[in-house]
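Visitor: First, the structure itself, so that you have it in front of you.
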Amino acid sequence: MSLAVGVIGTGVMGAEHARLLRCAISGAHLAAVCDADESRATAAAQGAAVFTDAHALIASDKVQAVVIASPDATHADYALSCLAAGKPVLCEKPIAATAAEGLAIVQAEVALGRQLVTVGFMRRFDPAYNDMRRARIAGSIGDAVLLHNVHRNVSAPDWFTGAMAVTNSLVHEIDISRWLLDAEMITAQVISAPGGDPMLVTMQTETGAIVSTEVYMNAAYGYHVHAQLVGRKGTVEMAAPTRMLTNLAAAQSFTFPANWVPRFTEAYCLQMQAWVDASKIGTTTGASAWDGFVTTSIAEQIVQGMASANPIPLSFPQRPALYA
Ligand code: ISE
C-alpha cells in the first residue's frame, strides 16, 4: 500500500522533498502540497491535492504522513498538529524556533506514548558520515578524541551571520557530532570574526572529546562541508565532495556544489526512503524529537553565551524513557 504524503512548504527544501516523493521514493506518493502561495503549491504538486492551510492538509484523509518544510517559526505548531492527528511527521531542521517549543513537542510525544516525529538532520543518512561512524564503532582509529567540522556556505545575507548561523546552520554539526560520537556536549565556546562571520565553535563531550566547528557563511568559493574524526590510533575523514576529477593544463580540479541540495542529494533521498519505510510499519528513524530538542537547546545556549569569552556550560532536562 502506498503511503500518502503531504508536504507543507514549497521553498528550496519543500520543493526537493516533493520532487523526491514524485520521482525517487518507493512505497509512497505525493498526495498533497501546501503553501500560502497557491500557485507555488500547484507547481510543486503536479496533480496532487493543493492546500493553502497547513492544518487542513494535516487533517485531510488524503494525507497519511506529513513533511514539514515551512519556515522554522511554524515547525512546532504543525508538528504538534501532526501528533494530535496521530500522523508520522518528517520535520525539517530545526524542530522548532525555540528550545521551549521543542520541549513541548517532546512532552506531547511522551504523553502520546509513542514517537511520530523525525527531525530532518539528513547528514545521519550521508554515506561518508556513516562510514566514519562505523570506523569509530569498529575501533579502527582508536578512541575518538577530536572531531573537526567545516561548514562553509557560498554566501548569506548580513542578518544570517552570528546567532542565525548558530540556530540554522551550526545545528547540523551539533546533531551530527552527537551522533558520530554517541556522546552529549557539556560545554561550548565561541570565537567570532568581526560581524560574526566566520566563527569557530568549540564543544567538549561528556567523554572529553573535543569538537571544533568552523561556520563560515560567506566562504565564496563553494558550498563545502567537511569532517575529520581523530582517534588515538588514526583518523578518518570524508573525501572531497566530487565523483570526478579533471586533469587539464598541468592542473587537477573539481567543482564544489552550489549548496546543500546537490551536496546532500543522496542523504535526502536515503532519509526520505527510510522515513517512509519506518512510517509504514509504525516506527521512526533518524533524529528523534528529543535529538531535535537537545540540538536546538544547545544552539540557544550558545547564542545566549556567545558574547562571553568563557566556556558555556550546557544543560538539559533528563532524557525521557521514550527516547532511551
Ligand atoms: C540550511 O538551512 C541547511 O540546512 C543547510 O544544510 C546548511 O548547510 C545551511 O547552512 C543552512 O542555511
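Just so you know, all these numbers are worked out from the coordinates, no wet-lab data involved. This one's a predicted model, so the numbers in the text were calculated from it and none came from an experiment. Reconstructed Cβ throughout: ideal geometry from the backbone, glycine too, with neighbour counts over all protein chains shown.
Visitor: What relative contact order, as a whole-number percentage, does the chain give when Cα pairs under 8 Å and 6 or more residues apart are counted? Intermediate values should be presented prior to the final figure.
Guide: Numbers: 663 pairs, mean separation 64.5, N = 324.
Relative contact order comes out at 20 percent.
Visitor: Taking N as the number of residues in the chain, what is its alpha-carbon radius of gyration divided by 2.2 N^0.38 Å?
Guide: 1.00
Visitor: Further, regarding this structure: Could you pull out every one of the aspartates and glutamates with an alpha carbon less than 13 Å from that of LYS87, ignoring same-chain neighbours closer than 8 positions?
Guide: ASP61, GLU109
Visitor: Which whole-number percent gives the relative contact order of segment 130-262, counting Cα pairs below 8 Å spaced six or more residues apart?
Guide: Values: 246 pairs, mean separation 45.0, N = 133.
The value is 34 percent.
Visitor: Treating only the Cβ atoms of Lys and Arg (+1) and Asp and Glu (-1) as charged, compute the dipole magnitude of segment 154-227 about its Cα centre; round to the nearest 20 debye. List each step's numbers first, then the result.
Guide: On the way: 1 positive and 8 negative charges, 22 e Å.
The calculation lands at about 100 debye.
Visitor: Right, next: By per-residue mean of other Cβ atoms within 10 Å, what is the highest-first order of 22-28, 276-282? List each step's numbers first, then the result.
Guide: Numbers: 22-28: 14.4, 276-282: 16.0.
In decreasing order of mean packing, 22-28, 276-282 become 276-282, 22-28.
Visitor: Under 20 Å Cα-Cα from LYS62, which aspartates and glutamates qualify once same-chain neighbours fewer than 8 residues away are excluded?
Guide: The reachable aspartates and glutamates, counting only those whose Cα sits under 20 Å from LYS62, are ASP35, GLU38, ASP53, ASP277.
Visitor: While we're looking at this one, here's another question. In debye, nearest 20: dipole of segment 130-262 around its Cα centre with unit charges on the Cβ of K, R (+) and D, E (-)? Don't skip to the end; give the middle numbers.
Guide: Numbers: 8 positive and 11 negative charges, 86 e Å.
The calculation lands at about 420 debye.
Visitor: Moving on. Please check: in the Gaussian network model of the chain (C-alpha springs, under 10 Å), which one of ALA249, ALA79, ALA163 has the largest mean-square fluctuation.
Guide: Maximum fluctuation in the GNM of the chain, among the listed residues, is at ALA249.
Visitor: Using only the Cα atoms of segment 213-324, what are the Rg and Dmax in Å?
Guide: Computed over the Cα atoms of segment 213-324, radius of gyration and Dmax are 19.4, 60 Å.
Visitor: Could I ask something else about it? Determine the gain in length on full extension of the stretch MET1-ARG243; use 0.36 nm per residue of separation and subtract their C-alpha separation, reporting nm with one decimal.
Guide: Values: separation 242, 0.36 × 242 = 87.12 nm, distance 3.58 nm.
Contour length minus Cα-Cα distance gives 83.5 nm.
Visitor: Say a site is exposed when it is one of the chymotrypsin sites (Phe, Trp or Tyr not before Pro), sits in a DSSP loop, and has at most 15 other Cβ atoms within 10 Å; what is then the longest site-free stretch of the chain? Don't skip to the answer; put the middle values down first.
Guide: Values: sites that count: TYR221, PHE254.
Answer from the scan: 1-220.
Visitor: Please grab the % of Cα pairs in segment 141-206 that end up more than 15 Å from each other.
Guide: Values: 1164 of 2145 pairs.
Percent of Cα pairs beyond 15 Å in segment 141-206: 54.
Visitor: Additional query: Projected onto the charge dipole of the chain (+1 at Lys/Arg Cβ, -1 at Asp/Glu Cβ, origin at the Cα centre), which of ALA220, HIS75, THR167 gives the Cα projection farthest towards the positive end?
Guide: ALA220
Visitor: Something else now. Can you compute the equivalent ellipsoid semi-axes for segment 130-262, i.e. the square root of 5 times each eigenvalue of the Cα gyration tensor, sorted largest first and rounded to whole Å?
Guide: Rounded to whole Å, the semi-axes are 25, 23, 11.
Visitor: Given Cβ point charges of +1 (Lys, Arg) and -1 (Asp, Glu) and nothing else, what value in debye, to the nearest 20, does the dipole of segment 219-324 about its Cα centre take?
Guide: Values: 6 positive and 5 negative charges, 45 e Å.
Once rounded to the nearest 20, the dipole reads 220 debye.
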